[in-house]
Amino acid sequence: MSKLYINGGSRLSGELIVHGAKNSVLPILAATILCKGECVIHNCPNLSDVDSSVRILEHLGCSCRREGSTIVINSDGLSRFDIPDELMQEMRSSIVWLGAIAGRLGRARLSSPGGCELGPRPIDLHLSALGRLGMQIIDNHGYIDCVAKGRLRGNDIHLAFPSVGATENIMLAAVYAQGKTVISNAAKEPEIVDLQNFLNRAGARICGAGNDKIIIEGVRSLHGAEHTVIPDRIVTATYMSAASVTGGEVLLKGVLSEQLLSVISVFGEMGCDVSYSHNEIKLSAPHRLSRFSGVQSLVYPGFPTDAGPLIVAAATVAQGSSMFIENIFENRYKYIGELRRLGAKIKTADRVAVIDGVDRLSGARVNSTDLRGGAALIIAGLAAHGKTEIDKIFHIDRGYENIEENLRQLGADIKRK
Ligand code: UD1
């Protein structure tokens, strides 16, 4: 099992092109099974979660080929409605296949996703919404069986919480439903808009994504489509944070800066000079970061929960005391114990983390606990004096393509062995 080895203290400087968004490409790959003919998806990052999605597509009977960052999918041979346990366990977000498979075949069988590294992983909103479209759901010894009697029927669905995955599942299942589906209190994240854009290119009739009401008019068939996945806003935030803790400067290209305003404002508060145009963000960090006063994770356009660990890592070496509140996931602070091994001073109580910036972190052996927590350890390792060794980096590989090569290109002393 390989590890990352960082010799901290180098100032990062240079430019990078940000890869496609993991959280967009996964539901879009699931959506390709609704289309007859060939779908061509550009800007697919090379990530283990994307590989897992391709394995699911192939298991279902679809053909897939990768040409660089493009994946070409033909789902005309789709012959199965089940996803076995081992494929489900590879990806935290595999529940999104439920709506896609059931939408296409009127039947789906998935193993229950169970818990995850961010805490319990309820899917009640997904299941009750699919029930409202006419799907009968049976919890069958660890398997979820969905069966539709005839064509699904559009309905009004109010989400008690604007869940990203549940909104995507409803969109996927409702595309072929008879009549109109209206999702209220829908998630507004940019990845939902990207899914709508892909589905509409394939012939769907969806409007409203990006607002809290999404309307889906059911259609009889979708055709193949070509689509370019949006850039990854959390990867962008990661490189901003990595540069910020080293007093560095980074120009990030191919981004959509309007999706990152909440993140940009926090780095501004920490004393970074952040300038941006539509597709580029340039961050220049001071010699030492300042504290941020209070940041809390919220649904979009609020501060993203996935960027929480990235700014907590930056705050460990800032001047003064910062406070972060995690509102979306219950159990997102496991990585903080690992940051403490590097000398970070962080207190947590329930959802609140108070970070007292220290003059210096020192390198240590640590374990990734989850994807963004792993990225936080890289950031802290870059800031630390001495050598940091990060184990369990498979978590990091779920969401970052070539992270050590990119950081090396910026001047970091980091290698994988
Ligand atoms: C997606 C993202 C993830 C991000 C999250 C919030 C993907 C692949 N993952 O995850 O990176 O952190 O959005 O922006 O896109 N909940 C319920 N019942 C449900 C569903 C969700 O209680 O049926 C709760 C969850 O436990 C959590 C909250 O709602 O506390 C948010 O979850 P959700 O928006 O569904 O996140 P995901 O789609 O899983």
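Of the residues in the range 172-195, how many are polar (S, T, N, Q) and either buried (at least 21 other Cβ atoms within 10 Å of the Cβ) or in a loop (DSSP other than H, G, I, E, B) (or both)? Working first, answer last.
Our first condition is that a residue be polar (S, T, N, Q); within the range 172-195, this holds for 178, 181, 184-185.
Subset that is either buried (at least 21 other Cβ atoms within 10 Å of the Cβ) or in a loop (DSSP other than H, G, I, E, B) (or both): 181, 185.
Qualifying residue count, the range 172-195: 2.
Within the range 379-392, does at least one residue satisfy the condition of being within 20 Å of the chain's Cα centre (by Cα), in the same structural domain as residue 306 (by TED's automatic domain parsing) and outside any loop (DSSP other than H, G, I, E, B)?
yes
Considering only residues that are within 14 Å of residue 126 (Cβ to Cβ) and within 16 Å of the ligand (Cβ to nearest atom), which ones fall in the range 89-107?
92, 93, 94, 95, 96, 97, 98, 99, 100, 102
Can you name the condition, by its number, that residue 35 falls short on among (1) touching a residue at least 24 places away in the same chain (Cβ under 8 Å); (2) surrounded by fewer than 23 Cβ atoms within 10 Å (Cβ to Cβ); (3) out of contact with any Lys or Arg (no Cβ under 8 Å at 6 or more places or on another chain)?
(2)
Test of understanding: among 208, 154, 179, which residue is touching a strand residue (DSSP E or B) at 6+ places or on another chain (Cβ under 8 Å) and either touching a residue at least 40 places away in the same chain (Cβ under 8 Å) or outside the structural domain of residue 101 (by TED's automatic domain parsing) (or both)?
None of the other options fit; the residue is 154.
If you go through the range 328-339 one residue at a time, how many are under 19 Å from residue 289 (Cβ atoms) and either of a type in the set (Asp, Glu) or surrounded by fewer than 23 Cβ atoms within 10 Å (Cβ to Cβ) (or both)?
Residues flagged as under 19 Å from residue 289 (Cβ atoms) and either of a type in the set (Asp, Glu) or surrounded by fewer than 23 Cβ atoms within 10 Å (Cβ to Cβ) (or both) within the range 328-339 amount to 1.
Strands (runs of 3 or more DSSP E) wholly in the range 116-171 with at least 1 residues that are under 26 Å from the mean Cα position of the chain (by Cα) and either on the phi > 0 side of the Ramachandran plot or surrounded by 19 or more Cβ atoms within 10 Å (Cβ to Cβ) (or both) - which ones?
Hits in the range 116-171: 143-148, 156-158.
Can you give me the number of residues within the range 267-282 that are over 24 Å from the mean Cα position of the chain (by Cα) and of a type in the set (Gly, Ala, Ser)?
Going through the range 267-282, the residues over 24 Å from the mean Cα position of the chain (by Cα) turn out to be 269-273, 275.
In the following step, the residues that additionally are of a type in the set (Gly, Ala, Ser) were identified as 271, 275.
Residues meeting the conditions: 2.
Tell me, which strands (runs of 3 or more DSSP E) lie completely within the range 8-87 with 1 or more residues that are within 16 Å of the ligand (Cβ to nearest atom) and in the same structural domain as residue 98 (by TED's automatic domain parsing)?
Fully inside the range 8-87 and qualifying: 38-42.
The values are calculated or read from the model by the stated rules, or taken from the named source; none is laboratory data. Because the structure is predicted, anything quoted here is derived from the model rather than measured. Glycine gets a Cβ as well: all are built from the backbone with ideal geometry, and neighbour counts include every protein chain shown.
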